[in-house]
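The values are calculated or read from the model by the stated rules, or taken from the named source; none is laboratory data. Keep in mind it's a predicted model, so treat the numbers as computed, not measured. Quick reminder, even Gly has a Cβ in these numbers, built from the backbone with ideal geometry, and neighbours come from all protein chains shown.
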């Protein structure tokens, strides 16, 4: 007897969802490794993180191929189609997160030779850990289609934004105090901004979870103050 189409679709989609969760674990490790390499000035770990992005890119390509095959074979409708498309979007968000982790790791060799800025790398690692925990919880929400947990992840993104603003002010102060700090601080500014963008990507992933779980777009989220409005100390 031929298997029921719906159960066959569910089985195939679950296989793809597991692939997304595995990819998410790789991305989570990349973020934490890149931030640890930055704080410890570990060029070997940074190089491993850069090289590891190839596997993340390959995972996204495979997931996209699996979703395309699923759509062609099962021809899902309504809720099933929404779930399949959300899985593909989730893979795209994860791939971009991996790119940001890679870019952070690429800056490590440059910063190793630059003047040290006390506490900067440690602060960025704390910011990255926050995003890493958001990612972990977002993946848990994705695995269980837990809209409440997804909303909790979205709410935490404002903390990432606020940390970015605080770091920008700190780096501006260091650059004003000593011109030799300009080069390393500019790198740190780019890293902080990239981590903030990681938080945005994780938030988008959480919004996909809500869309699949509830069939509606997530509520507009609150954001922290824009870094574009930050003034130099004394202004």
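Computed values, structure above
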read-out: Scan of region 130-147 for residues that are touching a helix residue (DSSP H, G or I) at 6+ places or on another chain (Cβ under 8 Å), over 13 Å from residue 202 (Cβ atoms) and assigned to a helix (DSSP H, G or I), ordered by number; value: 143, 147
read-out: Matching entry among 24, 52 (being out of contact with any strand residue (DSSP E or B) (no Cβ under 9 Å at 6 or more places or on another chain), at pLDDT 95 or above and buried (at least 21 other Cβ atoms within 10 Å of the Cβ)); value: 24
read-out: Pair list, Cβ under 8 Å, 6 or more apart: region 205-225 residue surrounded by fewer than 18 Cβ atoms within 10 Å (Cβ to Cβ), other residue at pLDDT below 90 and assigned to a helix (DSSP H, G or I); value: 215/79; 215/82
read-out: Any hit, region 166-175, residues being without any contact (Cβ under 8 Å) to a residue 12 or more places away in the chain and either surrounded by 17 or more Cβ atoms within 10 Å (Cβ to Cβ) or within 19 Å of residue 112 (Cβ to Cβ) (or both); value: yes
read-out: Filter result for residue 195 (closer than 16 Å to residue 35 by Cα, in contact (Cβ under 8 Å) with a residue 60 or more places away in the chain and within 14 Å of the chain's Cα centre (by Cα)); value: yes
read-out: Which numbered condition residue 180 fails, given (1) without any contact (Cβ under 8 Å) to a residue 40 or more places away in the chain; (2) loosely packed, with under 15 Cβ neighbours inside 10 Å; value: (1)
read-out: Residue within region 63-71 that is touching a helix residue (DSSP H, G or I) at 6+ places or on another chain (Cβ under 6 Å) and in contact (Cβ under 8 Å) with a residue 60 or more places away in the chain present; value: yes
read-out: Restricting region 78-121 to residues that are outside any helix (DSSP H, G or I) and free of Cβ contacts under 8 Å to residues at least 60 places away in the same chain, the residue that is farthest from the chain's Cα centre (by Cα); value: 113
